[in-house]
1. Got a number for residues in region 227-256 being crowded, with 20+ Cβ neighbours inside 10 Å, in contact with a strand residue (DSSP E or B) (Cβ under 8 Å, 6 or more places away or on another chain) and aliphatic (A, V, I, L, M)?
2. Go through region 145-169 and give me each residue that's open to solvent by 10 Å² or more (accessible area, probe 1.4 Å) and either in contact with a Leu (Cβ under 8 Å, 6 or more places away or on another chain) or without any contact (Cβ under 8 Å) to a residue 12 or more places away in the chain (or both).
3. Anything in region 170-205 that is among the charged types (D, E, K, R), open to solvent by less than 20 Å² (accessible area, probe 1.4 Å) and under 19 Å from E58 (Cα atoms)? List them, or say none.
4. It is to be established whether one or more residues within region 206-218 are open to solvent by 50 Å² or more (accessible area, probe 1.4 Å) and touching a helix residue (DSSP H, G or I) at 6+ places or on another chain (Cβ under 9 Å).
5. Can L62 be described as assigned to a loop (DSSP other than H, G, I, E, B) and either of a type in the set (G, A, S) or more than 21 Å from A232 (Cβ to Cβ) (or both)?
6. How many residues, within region 138-170, are in a helix (DSSP H, G or I), at pLDDT below 95 and of a type outside the set (D, E, K, R)?
7. Is there a residue being at pLDDT 95 or above, in contact with a strand residue (DSSP E or B) (Cβ under 7 Å, 6 or more places away or on another chain) and under 14 Å from R46 (Cβ atoms) anywhere in region 191-210?
Amino acid sequence: MNRARHAAVLLLGMAFGIAAAPASAADCPGNPGALGTSRTLVVDPREHPRIGTMQYAETLPLQDHEVVLTFDDGPLPPHSTQVLDILAAQCVKATFFIIGRMARSFPEGVRRVRDAGHSIGTHTQNHPLSMNRMPIERARQEIDDGIAATTAALGDSGSPAPFFRIPGLLRAEAVEDYLASKGIQTWSADFPADDWHHISSARVYDLAMKRLEAKGKGILLLHDIQARTVAALPKILHELKARGYRIVHVVPVTPELPKMPTEPQQWQLHPVSENVAISHWPKIPNFVYASAETLPTPAVSDWYDGRLVSSPESFERPRRLARGAVPLPQQAPWPRLTPPQIANAAITLPVPAKGIFEIQEKSAATTQQAAVSSTHHAELTQAPVGNEADAIAKLIAIHASASKRMIPGSHRITQPGLKRMPLTARQRLSASRAGPRERSSVR
């Protein structure tokens, strides 16, 4: 079985530039402890046209701790040549996305990638960072010219695989649809190492391993035209071996090489299992009036509890107010209490009942008590006679004298124009013997 598969890979190399079968660590000449390539994954680009969780829902059907190495923007000597030598020393197979302009300038570099048994994809003709906004006719030209230049560099011995990566990962739906119509698989990635930035090789290694550890598996995006990548690659491969990661080589399906049987959930980075709790949110059904120009008016059945179910939210951007202006109050975020039957209500209102305006009579006991109270009040207001008159006069005199008493410690105020009479000797003696309260009342 293994020999048959190796023979099929050899035939695939004649068509897509893959010249050698995957090499395990034990088969790596001169390096029995090499990382090697654990297996070859055969995919059908038409069944899964977009892969890489950095942008898409699907990725390659990898097992845990499996990694696919990819390199962009080459070939560019000497860096691309050095990358090929490092991979060959570890018997590792990868996928290279070739720029057409680079293939025209260095065709021998493209052929060397093919002779080493790596997969060859394309990366446009000129690497424009505007595929997401350029006209689709120009985008098609970039794609087609890149494929043609890479094919010309390979010569009569093969053609590039139907793998394509958009420059800068600046995707556009029209571009992806065009690639899918030609049977070409659009590759994104699962994690990058940011080696196109001006960072150190140690930082490239650190980002690659940290992001791989976070994902657990996936497609690693690198660039074979960078010196920092060349410096970081040996340490990355060594650490992959030390941490138990395995390299997977991806090739396209051919009549001689059938695709690997997979399940749909395998194309997800972390497929859902019965051991992982997820939220099953209800899906929104297709709207019945999606293609209608006008919508029907609400029916009576649309009312609930006397209120029309509506959304008072406004999706308009709030306007700016002039300095010192006061914003007007917004509409209340609850439905108006307007029953639907108001529209058919009668114009006239019913006559109020007679009992509304009647004054209830009080009980007999309350009336008698009120009469007694009135009689007593009338008696008090009558002019007093006899002894009553003397008692009232005495009471008034007491109140009048009390209002003229001084607060202890205060000074007596003499009315203007009145002369204070001097005290007699008897009065002065009485005042000296009296207490403070009694002394203050002595005149």
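1. Selection size over region 227-256: 6.
2. T151, D156, P160, G168 - these are the residues of region 145-169 that are open to solvent by 10 Å² or more (accessible area, probe 1.4 Å) and either in contact with a Leu (Cβ under 8 Å, 6 or more places away or on another chain) or without any contact (Cβ under 8 Å) to a residue 12 or more places away in the chain (or both).
3. E176, D190
4. no
5. Numbers: assigned to a loop (DSSP other than H, G, I, E, B): yes; either of a type in the set (G, A, S) or more than 21 Å from A232 (Cβ to Cβ) (or both): yes.
Spelling it out, L62 is indeed assigned to a loop (DSSP other than H, G, I, E, B) and either of a type in the set (G, A, S) or more than 21 Å from A232 (Cβ to Cβ) (or both).
6. Qualifying residue count, region 138-170: 2.
7. Checked against the condition, which is being at pLDDT 95 or above, in contact with a strand residue (DSSP E or B) (Cβ under 7 Å, 6 or more places away or on another chain) and under 14 Å from R46 (Cβ atoms), region 191-210 yields no hits at all.
The values are calculated or read from the model by the stated rules, or taken from the named source; none is laboratory data. What you see is a predicted model; the values in this text were computed from it and never measured. Note that each Cβ is placed from the backbone with ideal geometry, even for glycine, and that neighbours are counted across all protein chains shown. In case anyone asks, the SASA skips ligands and DNA or RNA and just uses the protein heavy atoms, side chains included. Shrake-Rupley method; radii C 1.70, N 1.55, O 1.52, S 1.80 Å.
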